[in-house]
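Engineer: Here it is, the structure, as structure tokens.
Readers should treat all values here as calculations from the given coordinates under stated rules, not as data from a laboratory. It should be emphasised that the depicted structure is a prediction, and the values quoted were computed from it without experimental measurement. With ideal geometry, Cβ positions are generated from the backbone for all residues, glycine too; neighbour counts draw on all protein chains shown.
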2 protein chains.
Amino acid sequence: MNRNQVNPHNLTWQNTSVGKRDRHNRNGHESFVLWFTGLSGAGKSTVANLLEQVLFVQGIHTYLLDGDNVRMGLNSDLGFSAVERRENIRRVAEVAKLFVDAGVVTLTAFISPYRSDRRMARSLYADREFIEVYIDCPIEVCASRDPKGLYRKAQAGQIKDFTGVAAPYEAPEQADIVLHTDRQTPWESVQQILQYLVARELLPAETLLENSRETKECPR
Amino acid sequence: MNRNQVNPHNLTWQNTSVGKRDRHNRNGHESFVLWFTGLSGAGKSTVANLLEQVLFVQGIHTYLLDGDNVRMGLNSDLGFSAVERRENIRRVAEVAKLFVDAGVVTLTAFISPYRSDRRMARSLYADREFIEVYIDCPIEVCASRDPKGLYRKAQAGQIKDFTGVAAPYEAPEQADIVLHTDRQTPWESVQQILQYLVARELLPAETLLENSRETKECPR
């Protein structure tokens with residue numbers, strides 16, 4: 001639909017659906033996926049949640065896909081074998097693509113341990129639309145945080161296939177953004193992501209730069 | 001997050017994600033799913049597309065899930081057996097729920113021929129959030145329209161499990177909205193849906209009523 005067709009009087013019988021570009025124009029920003037990957041406890045959800053709140057405040061349309069709203073619903077039929085992890089990631093990537101099509105800045109926070117699965121996810125998108133964010137944090141730090149007590153259970157053999165303990169994590173070789181949450185605060189991580197997005201003109205510069213100044217003054 | 005927390009200065013380390021209510025407040029409308037069901041050729045996509053365009057013009061945040069963007073992506077691994085149709089509908093219902101959680105008025109346009117599957121879909125939602133829209137159109141009319149040539153192929157035995165020909169369609173017994181597209185124009189169908197939504201205060205009254213007046217004057 002071009003702008004003239006936005007008036008209902010000009011709507012025709014043709015199948016002129018509302019498209020991604022129309023939504024970008026309306027929302028005032030592009031849509032893309034920020035694909036967070038990293039070990040359990042690395043800080044994926046913490047950084048993604050904080051980023052979503054910062055973006056929401058600035059009027060950016062966002063949605064966060066994570067274990068809570070996906071593993072318990074859409075992917076409740078899947079376990080944690082390599083095959084099921086792959087299908088988990090495939091579905092997340094396809095759903096995130098629908099959100100991107102809907103004009104939404106989409107954040108996904110899944111361990112997504114296999115390089116080939118992340119490559120498959122990326123292949124669904126145009127270049128600018130897929131941004132891999134590697135939360136690089138040493139496993140010792142993740143295990144000492146152990147926010148859900150999972151490392152303790154995994155080391156006791158109570159969880160099988162636990163990434164980093166009994167299943168591999170294949171670190172990205174060319175992530176678009178690398179965050180070191182063992183020595184960065186979540187605010188610093190969020191700022192680094194915002195700077196990336198603004199530099200690539202994926203989000204409006206003025207809004208984000210203003211926020212960047214603000215968040216520098218935030219108490220930590 | 002309450003209103004005070006929308007300021008980044010008040011954001012805390014707590015896991016206070018942006019919630020559905022925050023999105024409703026920001027968007028200025030509630031979110032829910034309009035679940036279109038009916039035979040192939042009944043007019044599900046036509047009505048849903050027109051409705052989405054009318055809503056988009058009015059600033060409502062919408063997304064349409066249909067065969068084109070779901071069967072070719074997320075559900076590309078599924079065929080058309082009863083079991084696979086059920087899984088197709090389950091996933092669509094779960095994805096639509098994510099969109100509703102994201103504050104989006106979500107339209108789904110799938111034949112969804114089985115009562116039990118639609119009941120399962122409805123069970124995922126709060127009462128006000130799931131609106132079943134039955135596109136009631138005699139199969140003779142659908143077959144004579146045959147926009148994709150599917151009835152012709154099904155009658156020639158070239159498509160198996162085709163709903164209405166070789167597989168059952170179980171009509172809703174208590175749909176929230178029933179449209180008769182054999183004797184209603186798409187505009188009339190859209191108006192009927194808008195009136196339902198406004199009557200239940202699911203969408204802002206003033207905007208929609210104004211549009212209803214406008215569309216009455218539209219050429220058909």
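Engineer: Can you tell me the mean projection area, over all orientations, of the convex hull of chain A's alpha carbons? Units nm², please.
Structural biologist: The number I arrive at for chain A is 14.1 nm².
Engineer: At 7 Å along Cα-to-Cβ for each site, give me the label-to-label distance between B:D68 and B:A199 in nm.
Structural biologist: Those two pseudo-labels are separated by 3.1 nm.
Engineer: Cut-off 10 angstrom, C-alpha nodes, Gaussian network model of chain A. Which of A:I135, A:I60, A:I159 fluctuates the most?
Structural biologist: A:I159
Engineer: Mean-square fluctuation check for chain B, GNM, Cα pairs under 10 Å: which of B:A93, B:A199, B:A156 is largest?
Structural biologist: Checking each option, the largest mean-square fluctuation is seen for B:A156.
Engineer: Moving on. Check cross-link reach from B:K148 to the lysines: straight Cα distance under 24 Å, and skip same-chain residues fewer than eight apart.
Structural biologist: Straight-line reach from B:K148, under 24 Å: B:K44, B:K160.
Engineer: Let me ask something additional. Measuring from the axis that superposes chain A on chain B, report the chain A residue with the minimal C-beta distance, rounded to whole Å.
Structural biologist: Spelled out, residue of A and its Cβ distance from the axis onto B: A:V95, 3.
Engineer: Within a 10 angstrom radius of each residue's Cβ in A:94-101, how many Cβ atoms of other chains show up on average? Whole number is fine.
Structural biologist: 5
Engineer: Over segment B:30-216, what is the mean sequence separation of C-alpha contacts under 8 Å (at least six apart), divided by residue count, expressed as relative contact order in percent?
Structural biologist: Rounded, it is 31 percent for segment B:30-216.
Engineer: Measuring label to label, 7 Å along Cα→Cβ, what does B:D68 give against each other copy in nm, shortest first?
Structural biologist: Nearest first, the other copies' label points are 3.5 nm away.
Engineer: Run the label-point distances for B:K148 please: 7 Å along Cα to Cβ, every other copy, nanometres, shortest first.
Structural biologist: Those separations, rounded to one decimal, come out as 3.8 nm.
Engineer: Compute the signed sum of charges (Lys and Arg +1, Asp and Glu -1) over the other residues within less than 14 Å, Cβ to Cβ, of A:M120.
Structural biologist: That works out to +3.
Engineer: Name the aspartates and glutamates eligible as straight-distance cross-link partners of A:K20: C-alpha to C-alpha under 14 Å, and not fewer than 8 places from it in the same chain.
Structural biologist: Answer for A:K20, where 14 Å is the Cα cut-off: A:E30, A:D101, A:E129, B:E52, listed by chain and number.
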